[in-house]
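Worksheet for the structure shown next.
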Amino acid sequence: MYQTKFLERVFSFKGWNITADRFKKIQKKYYLTLDMDVQYDAQAIINTLSFSRRKDLFIQSMNSLQEEKLYASAVHGEDHILRVCILCFFLSEKLGISDKEFIDLLEIAKYHDIGRINDKADKGHGLRGAILIEQMNLPYGKEKLKKYQAVIASHSLRDEDFEEEWKRWGNKMKEINWGRNLLEILKDADALDRFRLRNQSLQLSFLHKDISLRAVQGAYEIYHLFPGNI
């Protein structure tokens with residue numbers, strides 16, 4: 001069982017037709033280059049997760065979320081974090097990452113915005129979050145924590161800054177591709193939830209994975225079905 005009513009409602013929801021055809025108007029106005037023939041809608045995304053063999057891993061991870069450590073905000077707070085984790089789950093399924101990487105990704109996604117001090121553009125909130133997560137006494141171990149910190153610190157920076165950040169936290173270069181892959185998935189899931197800001201807030205050019213371009217409709221619908229405070 002989910003400990004949050006938010007996730008319980010998402011995974012028991014039936015009224016998918018509420019958003020039927022709504023995204024088509026947005027696509028024609030702001031996202032003309034988006035291929036609508038290959039889009040996953042919200043129902044397809046949630047069904048993918050509902051029938052995943054990793055659903056129990058997801059439930060276990062989400063039930064351990066320390067909500068009190070999250071930034072209290074309607075924009076970057078708990079509801080945003082939960083939607084990002086849902087999208088990370090979906091992208092992980094389609095990309096076929098390992099169970100171990102999946103668990104690592106969820107831990108990073110859960111706490112990636114704890115360094116927030118406001119809802120404005122702030123490239124420094126990733127670094128603050130990386131520092132704060134070390135103070136939470138989570139059972140990661142020193143080596144894993146350094147990797148998590150590098151990804152969290154980098155999620156608010158340019159892609160080109162990742163290698164320097166990875167090394168700055170004392171990580172081995174032979175493991176950088178692991179970190180870069182999880183960072184790209186996190187950044188894509190985070191970007192896909194930008195529909196909470198404005199209908200045109202998502203910039204398709206910022207997405208890294210091809211599958212992310214196929215999840216735009218679903219991400220739009222998930223926000224409008226589950227905006228928070230439910």
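The values are calculated or read from the model by the stated rules, or taken from the named source; none is laboratory data. Values in this document were obtained by computation on a predicted structure and should not be read as measured data. For neighbour counting, all protein chains shown are included, and Cβ atoms are generated from backbone atoms with ideal geometry for every residue, glycine included. Keep in mind that these areas ignore ligands, DNA and RNA; they rest on the heavy atoms of the full protein, side chains included. Shrake-Rupley method; radii C 1.70, N 1.55, O 1.52, S 1.80 Å.
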Q. Considering only protein heavy atoms, what per residue accessible area in square angstrom results for the stretch 32-144 with a 1.4 angstrom probe?
A. 47
Q.
On the principal axes of its Cα set, how long, how wide and how thick is the stretch 101-212? Give whole Å, largest value first.
A. 41, 30, 24
Q) Among S212, S156, what's the order by accessible area (1.4 angstrom probe), most exposed first? A) S156, S212
Q: Sum up the charges of everything whose Cβ sits under 9 Å from the Cβ of I222, counting Lys and Arg as +1 and Asp and Glu as -1, but leave I222 out.
A: -1
Q. Stretched out fully, how many nm does the piece from F11 to L157 gain, at 0.36 nm a residue minus the Cα gap?
A. 49.3 nm
Q: Please work out how much accessible surface D56 shows to a 1.4 Å probe, ignoring ligands, DNA and RNA, in Å² rounded to 10.
A: 110
(Q) At 1.4 Å probe size, with the rest of the protein present, what percent of the exposed accessible area of the chain is carbon and sulfur atoms? (A) 48
Q.
Just to confirm the number: angle between the C-alpha axis of helix 78-95 and the first principal axis of the chain, 0 to 90 degrees, nearest 10?
A. 90
Q: Quote the relative contact order of the chain in percent (integer), defining contacts as alpha-carbon pairs under 8 Å separated by 6+ residues.
A: 26
Q | trypsin sites (Lys or Arg not before Pro) within the stretch 1-59, DSSP loop, no more than 14 other Cβ atoms inside 10 Å | A | K14, R53
Q | Cβ-defined net charge surrounding Q149, 10 Å radius [Lys, Arg +1; Asp, Glu -1] | A | +2
Q | the stretch 126-160 and the stretch 83-106: distance between their alpha carbon centers, rounded to Å | A | 18
Q: Provide M173, M62 ordered by accessible surface of protein heavy atoms (probe 1.4 Å), highest first.
A: M173, M62
Q: Report S61's accessible area, 1.4 Å probe, all protein chains in place, as a number in Å² to the nearest 10.
A: 10
Q) For the pair N177 and D21, what calculated FRET efficiency results from E = 1/(1 + (r/R0)^6), where r is the Cβ-Cβ distance and R0 = 30 Å, to the nearest 0.05? A) 0.15
Q: Give the span of the chain's Cα atoms along each principal axis, as three whole-Å numbers ordered largest to smallest.
A: 48, 38, 34
(Q) How large is the accessible surface of E134 in square angstrom, using a 1.4 angstrom probe and rounding to the nearest 10? (A) 110
